Amino acid sequence: MDAQTGLPAVPDESAVAALMNIEGGGSSTSRELLSCQTESATPICTNAKQALESLQGYRRALATGAESLGFRAVGIGTAPVVPEHPATVADTPRYRDMAARAAGIVDDQYVNGLHVHVEVPDRAAGVRVLNSLRPWLPLFTAIGGNSPMWRGRDSGFASWRTIHYRRWSVQGIPPCFAGINDYDLRLKRMLATDVVLDCGHIAWAARLSDTYPTIEVRASDTQLEAKDSVLIALLIRAVVGAELEDPAQPDGVADPEMLDIALWKAARDGLGGELIDPGDGESRPAEEIVGVLMARIEPVLSRHGDLSFVERGLAGLFENGTGAQRLRRVHADVGMPGLLDYAASALLL
C-alpha cells in the first residue's frame, strides 16, 4: 500500500526490481497480476516450526524493503480501499494477455489468496483426495476469512475475496472426477477454448498442481499473521493425509449446488455463524463443524506432532477472531488508517 494515501501502490520498475530481490526465510518472490502485489513461496516445509520461521523471515524482510520504498506491506485478502481508475497490471506478457481477455475483471482484481501445496504419491491418488476434499473446502474459507473491507466499507462478508473471485471463468468447488483420465480430459477441453489461458486459469478452490507433485488448496485468503497461515497449512495437510489413508464417502452436501451454497455461506459468515455440515448438509455452529474436522484428522495431526499447534491456533481464532473479525473490530475502533496500521504491524508477528 502507498504509505501516504493507503491506496494500492504503483511501484516503478526500479521499485519492482527491488521488491523482487527481497529475500527472507528461504522464500522466493515473483510478480503477481497487479503491480501492487508480490507472490512469495516458501521452500518445502515438513513441520510447523520450519514453516513459521520461513514465513516470518520473509514477511519481516518484505516489510523492511517496502518501507524503504515508501510503501507498507500488508497481508489482507482484499485491498480495503481502491482507486476509481483501473488497476495497474504487472508488465509481463501473461498478465497483459489476461488484462486484454478480461479487462473488466482485472480492473479491480485487488485480491490476495493463500495457496497450500501438499505432496501426494501420484496424480491418480491426487484426484481421489481432491474428490474427498470438496466438502471441507468451505471450512478452510471460513477459517481463513480475512477480507471484510472493500472500497472503504464493510462488504458484509468475512471473505469478500472469495465472492469477488467468482467472476472468473473456472472457479469455486471443483467437480467430482471419475479418475485421473477424466480429470485430464476435462482440463484439455477447457484449455482448448479461448477462455482458459493456461492451467493457472483453472481457479478452483483446490486442484492438482501443474508444476509440483501436489494438491494445491486455494480456499483461504492471505493471512494477517504468519501463524494463521501455518495453522491452515497444517489442517490441510492433515485432511489430505486422512483421505489418503482412509477415504471418506460424504453424501448430501457433496451435491455441487450445495457445495456452492456452502462456500458462499462460509465466505459470508466465516467462523462467526453457522456453516454447512459436510456430512449431512445441515447448518450448524462453526465450532461444531471444526470439531467434526478435528475428530477426522486428530490421528494424523498427532503423528506429525502438529496437534498442540493446531489446538492452540483454533482456540485463538475462536477467542480473538479470524482476520476478518479482527479487522472489523479495529476498523470500528480507529477507522481505515488505523486498520492499515494494524495490518502492517501484524505482518511482523
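The values are calculated or read from the model by the stated rules, or taken from the named source; none is laboratory data. Being a predicted model, the structure only gives us computed values, none of them experimental. Cβ placement follows ideal geometry from the backbone for every residue including glycine, while neighbour counts extend to all protein chains displayed.
All but one of (1) out of contact with any Phe, Trp or Tyr (no Cβ under 6 Å at 6 or more places or on another chain); (2) within 23 Å of residue 319 (Cβ to Cβ); (3) among the aliphatic types (A, V, I, L, M) hold for residue 258, so report the exception by its number.
Only one criterion is unmet by residue 258, namely (2).
Of all the residues that make up the stretch 119-128, how many are touching a strand residue (DSSP E or B) at 6+ places or on another chain (Cβ under 8 Å) and either modelled with pLDDT under 95 or over 13 Å from residue 247 (Cα atoms) (or both)?
Taking the stretch 119-128 as the starting set, the residues that turn out to be touching a strand residue (DSSP E or B) at 6+ places or on another chain (Cβ under 8 Å) are 119-120, 123, 126-127.
Add one more test, that the residue is either modelled with pLDDT under 95 or over 13 Å from residue 247 (Cα atoms) (or both), and what stays is 119-120, 123.
Looking only at that region, the number is 3.
Cβ-Cβ distance below 9 Å, separation of 6 or more or different chains: which pairs start in the stretch 310-321 with a residue that is closer than 12 Å to residue 291 by Cβ and among the acidic types (Asp, Glu) and end on one that is at pLDDT 95 or above and in a helix (DSSP H, G or I)?
So the pair list comes out as 311/294; 311/301.
Of everything in the stretch 86-124 that's within 18 Å of the chain's Cα centre (by Cα) and farther than 20 Å from residue 163 by Cα, which residue is surrounded by the most Cβ atoms within 10 Å (Cβ to Cβ)?
Filtering first and then ranking leaves 118.
Do you know which residues across the stretch 136-154 are within 29 Å of residue 296 (Cβ to Cβ) and either in contact with a Pro (Cβ under 9 Å, 6 or more places away or on another chain) or charged (D, E, K, R) (or both)? Spell out how you get there, then give the answer.
Step one: filter the stretch 136-154 for residues within 29 Å of residue 296 (Cβ to Cβ), giving 136-148.
Passing the criteria: 136, 137, 138, 139, 147, 148.
Between 233, 315, which is part of a helix (DSSP H, G or I), farther than 23 Å from residue 59 by Cα, modelled with pLDDT of 95 or more and of a type in the set (Gly, Ala, Ser)?
That would be 315, the only listed residue that is part of a helix (DSSP H, G or I), farther than 23 Å from residue 59 by Cα, modelled with pLDDT of 95 or more and of a type in the set (Gly, Ala, Ser).
For residue 116, only one of the following conditions fails: (1) in a strand (DSSP E or B); (2) of a type in the set (A, V, I, L, M); (3) over 30 Å from residue 241 (Cβ atoms). What is its number?
Of (1) in a strand (DSSP E or B); (2) of a type in the set (A, V, I, L, M); (3) over 30 Å from residue 241 (Cβ atoms), only one is false for residue 116: (3).
Give the residues of the stretch 45-67 that are within 27 Å of residue 95 (Cβ to Cβ) and without any contact (Cβ under 8 Å) to a residue 40 or more places away in the chain, sorted by residue number. Steps first, answer last, please.
Quick first cut of the stretch 45-67, residues within 27 Å of residue 95 (Cβ to Cβ) only: 54-55, 58-59, 61-67.
Residues satisfying the conditions are 54, 58, 61, 64.
Would you please list the contacts, defined by Cβ atoms under 8 Å and residues six or more apart or on different chains, that run from a residue in the stretch 6-35 that is surrounded by fewer than 19 Cβ atoms within 10 Å (Cβ to Cβ) to a residue that is of a type in the set (Lys, Arg) and assigned to a strand (DSSP E or B)?
Close Cβ pairs (under 8 Å, with a partner that is of a type in the set (Lys, Arg) and assigned to a strand (DSSP E or B)) amount to 16/31; 20/31.
Name the one entry in 30, 40, 54 that is polar (S, T, N, Q) and assigned to a helix (DSSP H, G or I). Show your work before the answer.
Working: 30 fails: assigned to a helix (DSSP H, G or I); 40 fails: assigned to a helix (DSSP H, G or I).
After ruling out the rest, the residue left standing is 54.
Enumerate the helices (runs of 4 or more DSSP H) found wholly within the stretch 121-179, keeping only those where 2 or more residues are of a type in the set (Phe, Trp, Tyr), farther than 22 Å from residue 270 by Cα and touching a helix residue (DSSP H, G or I) at 6+ places or on another chain (Cβ under 7 Å).
none
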